Amino acid sequence: LVHSNADACCWSINVAAVEEDEIVPRELVCVLSRIMVQSVATSQIASKVREKETLLRITLPLLEGEGCQQMLLSDLFPTDERGLPNNSGVRHLFTPLNSQHANMEIVDMVNQQGRVLGSLPRPYIHTWNILHRGIGMIVSKDVDIFKAFKSGKTPEVYVHQRTSTKRIFPSLFDMFVGGVSSSGEDAQWTAAREVAEELGLKRALDALENKQEDQIINPLSEELFQCTVCTSYNRCVVSMFTYTCDTALESITWQEEEVAWGDYVPYDIVTLAGEMSIDRLVEKSVWPGSGC
């Protein structure tokens with residue numbers, strides 16, 4: 001329920017949980033109600049008012065009962081000096097629900113087209129398998145992977161074994177670098193940040209941070225395409241990239257908590273391993289990592 005006073009300087013947003021609904025867990029209802037508030041504030045209120053001092057009175061369900069918050073519309077979506085969201089408004093919405101989660105990384109909930117619906121603390125993404133944004137990347141050795149194929153050569157790509165402590169695909173071999181985008185973070189920046197954090201390859205991050213310097217060549221491609229990954233424990237709209245590692249300029253140093261082993265592997269071997277995994281799944285209904 002959304003309504004305003006006569007001069008539209010004060011708006012009330014009321015989201016009520018249906019007490020009889022035992023199918024949807026209460027915490028999930030609380031999380032999604034806060035996404036609804038952000039969507040309503042953007043689509044129904046911000047588009048109708050120009051006054052930054054518009055007051056919002058927000059009533060939302062809690063794990064027990066409900067709570068009321070007041071905040072300015074401008075405080076719900078504040079930005080920093082660079083015009084990027086600082087997420088303090090989102091944290092304010094989620095603090096009554098879980099103050100510890102509210103202080104953690106904020107990420108975006110999206111629809112299947114990747115359009116942002118609202119933002120929320122990252123733990124809820126994993127707890128309730130909420131669709132969010134992320135990146136995937138193939139790292140090739142010394143030559144752009146597409147140029148290698150065009151020239152008839154077999155490129156080498158970096159393959160690593162994930163640590164046993166990883167929440168997703170523990171101990172499996174992976175040809176991708178991947179990660180979750182923070183709220184408002186451009187996908188290319190996510191890719192540059194992730195490859196720097198996971199493998200110590202920082203040329204892309206340096207190139208993005210020093211765009212005015214023409215001599216800096218970015219080894220990271222533009223976004224190639226998007227795909228949606230959906231499993232029982234991870235749902236993500238993934239933006240795909242490639243990264244060309246010039247081994248004369250940089251070398252891989254992985255995070256021990258992320259990577260157990262890694263090396264460059266000819267692409268045809270990676271392809272063969274993937275085909276064998278698919279055949280094993282089709283013929284024996286054995287998912288990778290669950291044994292033979």
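The values are calculated or read from the model by the stated rules, or taken from the named source; none is laboratory data. Predicted model, so just to flag it, every value in this text is computed and none were measured. Using ideal geometry, Cβ is built from the backbone for each residue, glycine included, and neighbour counts are taken over all protein chains shown. The area values use the complete protein model at the heavy-atom level, side chains included, leaving out ligands, DNA and RNA. Shrake-Rupley method; radii C 1.70, N 1.55, O 1.52, S 1.80 Å.
The table below gives the values:
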| item | result |
| --- | --- |
| Length released on extending from GLN69 to VAL24, taking residue separation times 0.36 nm less the Cα-Cα span | 13.8 nm |
| Relative contact order (%) - the chain, alpha-carbon pairs under 8 angstrom, separation at least six | 15 |
| Sites THR79 and GLN113 - FRET efficiency at Förster radius 25 Å, r taken between beta-carbons, to 0.05 | 0.55 |
| Two-decimal Rg to Rh for the stretch 180-271 - Kirkwood Rh, Cα set | 0.98 |
| Residues ALA16 and THR163, FRET efficiency given R0 of 51 Å [Cβ-Cβ distance, rounded to 0.05] | 0.70 |
| For the stretch 167-223, the Rg and Dmax computed from alpha carbons only, in angstrom | 12.9, 41 |
| Heavy-atom surface of the chain, accessible at 1.4 Å and reported per residue (Å²) | 55 |
| Label assignment, mean projected area of the Cα convex hull in nm² derived from the structure, set [x] 19.5; [y] 18.6; [z] 27.2 | [x] |
| For the chain, calculated [θ]222 nm from helices alone, where every DSSP H run of n ≥ 4 adds -39500 (n - 2.57) | -7500 deg cm²/dmol |
| Isotropically averaged projected area of the stretch 122-194, using the convex hull of Cα atoms (one quarter of hull area), nm² | 6.2 |
| Average Cα contact separation per residue, the stretch 150-279, under 8 Å, 6 or more apart, as relative contact order % | 33 |
| Those lysines that a straight Cα-Cα span of less than 20 Å connects to LYS150, excepting residues fewer than 8 apart in one chain | LYS141 |
| Cβ-Cβ FRET estimate between SER39 and ILE216, R0 fixed at 45 Å, reported to 0.05 | 0.70 |
| Qualifying aspartates and glutamates (Cα of each under 16 Å from Cα of LYS211; at least 8 residues distant if same chain) | ASP186, GLU222 |
| Cα-based Rg / Dmax (Å) for the stretch 67-208 | 18.6, 64 |
